[in-house]
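The values are calculated or read from the model by the stated rules, or taken from the named source; none is laboratory data. The structure presented is a predicted model; accordingly, all values stated were derived computationally and were not measured. Here Cβ is always computed from backbone atoms with ideal geometry, including for glycine, and neighbour counts include all displayed protein chains. Keep in mind that these areas ignore ligands, DNA and RNA; they rest on the heavy atoms of the full protein, side chains included. Shrake-Rupley method; radii C 1.70, N 1.55, O 1.52, S 1.80 Å.
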Amino acid sequence: MAMIDFINRVFGKETGSKSIAKERLRLVLVHDRCNISPEILDDLKEDLIRVISKYLEIDVRSLDVSFSQEDQAMALVANIPVIGVKRQNQT
Amino acid sequence: MGEVIVITSGKGGVGKTTTTANLGTGLASLGYKVVLIDTDIGLRNLDVVMGLENRIVYDIVDVTSGKVTASKALIKDKRFPDGRLSLLPAAQTKDKTAVNPTQMVKLCEELKQEYDFVLIDCPAGIEQGFKNAVAGAEKAIVVTTPEVSAIRDADRIVGLLEASDLKNPRLIINRLRPTMVRQGDMMSIEDMVDILAIDVIGVVPEDDTIVISTNKGEPAILDPKSRAGQAYRNITQRITGHDVPLMNLDEPQGLVDKLRKIFGKG
């Protein structure tokens, strides 16, 4: 243990490995619980891009789709940067 | 009419057998009639943890196949009067397919007529052995340790239990090391409850007396000085409907803990 770690620990600062364990567990459980493989998630992403691109101009490269968990509920979170709106869809 | 409780975990080596032995012994100490069933066919261990390995004549497969009656196969623990605590050992030379869930349901139905508690020690894994062990159970206790792998498996087991209509399983957190929790190097009770979202029925601290009691074949719950034994005693109280608080898990303090207290970060 490095001296700085030791001092941090004595003074109760959280530098322990527990937060790493929790975060790893959180991620692994999200996938276990919804039983979705990375391949399926990729397919889902492709489909989303196709559908949304019909209406909006989106930045495909910085698009992010992932599962997240809040309390007991699971959410599919898609962060899709919009570059522009296609003209034919404006009314 | 008795209650059938399965003790399960998913991952191996987290303390299912130790838990079954201690809870069974503890419930018998409270005066209940208890039978323990080892369903880990091929890898039987509950007999050695209980110290009853030299008295085995018949096993669970002899009973489910109809070769002998359950009462004939049961080994009575002589530490208790009038057969209040009995063990039905697993078969050692067969495999898990030697028993099926229908036979287990029948066996549990039969035993709960005579016993107050039927405790089933489940094998690790989620295959046939698990299916057998949960088939006849009405309640479930999930044992985990504060590790990523054990908690992940416990989560999977909770899902499978709910799918087999065993709602509201209770959690035992085993081998907790309070000093490591304080240092932020081990997940706390709250962390694990947050993640697994099931009720805790007990927390058992890491304790050397478990190794010693297993060496001797005498469950630690019989040792009044054992801290793990105390934790198990508390769990037997909760199983029988008494509301006892979680024990103080703090270990005898070392220098670092004392220093931390002085600086008010304890």
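Worth a mention:
- Flag if residue B:197 is more than 18 Å from the chain's Cα centre (by Cα) and not β-branched (Val, Ile, Thr): yes
- Residues within segment B:66-86 that are part of a helix (DSSP H, G or I), charged (D, E, K, R) and either under 15 Å from residue B:34 (Cβ atoms) or open to solvent by less than 20 Å² (accessible area, probe 1.4 Å) (or both), tallied: 1
- Qualifying residue in segment B:147-157 (condition: away from chain A (no Cβ under 14 Å) and touching a Ser or Thr at 6+ places or on another chain (Cβ under 6 Å)): no
- Here residue B:221 meets the list (1) modelled with pLDDT under 95; (2) in contact with a Phe, Trp or Tyr (Cβ under 8 Å, 6 or more places away or on another chain) almost entirely, failing just condition (1).
- Selection count, segment A:29-57, where residues are within 23 Å of residue B:157 (Cα to Cα) and not in a helix (DSSP H, G or I): 3
Every residue, every condition in (1) open to solvent by less than 80 Å² (accessible area, probe 1.4 Å); (2) in the same structural domain as residue A:76 (by TED's automatic domain parsing); (3) within 14 Å of the chain's Cα centre (by Cα), yes or no:
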{"position": "A:21", "(1), (2), (3)": "yes, no, no"}
{"position": "A:25", "(1), (2), (3)": "yes, no, no"}
{"position": "A:40", "(1), (2), (3)": "no, yes, no"}
{"position": "A:43", "(1), (2), (3)": "no, yes, no"}
{"position": "A:48", "(1), (2), (3)": "yes, yes, no"}
{"position": "A:53", "(1), (2), (3)": "yes, yes, no"}
{"position": "A:56", "(1), (2), (3)": "yes, yes, no"}
{"position": "A:65", "(1), (2), (3)": "yes, yes, yes"}
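- Residue B:133 being without any contact (Cβ under 8 Å) to a residue 60 or more places away in the chain and either open to solvent by 10 Å² or more (accessible area, probe 1.4 Å) or over 30 Å from residue B:178 (Cα atoms) (or both): no
- Test: residue in segment B:44-54 that is outside any loop (DSSP other than H, G, I, E, B), within 23 Å of residue B:231 (Cβ to Cβ), open to solvent by less than 60 Å² (accessible area, probe 1.4 Å) and in contact with a strand residue (DSSP E or B) (Cβ under 7 Å, 6 or more places away or on another chain): yes
- Some residue of segment B:121-141 being within 12 Å of chain A (Cβ to nearest Cβ) and either in a helix (DSSP H, G or I) or within 20 Å of residue A:26 (Cβ to Cβ) (or both): no
So that you can scan it fast, the table gives a plain yes or no per residue for (1) more than 22 Å from the chain's Cα centre (by Cα); (2) among the hydrophobic types (A, V, I, L, M, F, W, C); (3) closer than 27 Å to residue B:215 by Cβ:
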position: B:24; (1), (2), (3): no, no, yes
position: B:34; (1), (2), (3): no, yes, yes
position: B:47; (1), (2), (3): no, no, yes
position: B:98; (1), (2), (3): yes, yes, no
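- Residue within segment B:146-154 that is part of a loop (DSSP other than H, G, I, E, B) and crowded, with 24+ Cβ neighbours inside 10 Å present: yes
- Test for residue B:210: is it in a helix (DSSP H, G or I), in contact with a helix residue (DSSP H, G or I) (Cβ under 6 Å, 6 or more places away or on another chain) and β-branched (Val, Ile, Thr): yes
- The combined condition, being farther than 18 Å from residue B:221 by Cα and open to solvent by less than 10 Å² (accessible area, probe 1.4 Å), is fulfilled by residue B:89.
- Only one of the listed residues (B:192, B:186) is outside any helix (DSSP H, G or I), within 14 Å of another protein chain (Cβ to nearest Cβ) and buried (at least 20 other Cβ atoms within 10 Å of the Cβ). That residue is B:186.
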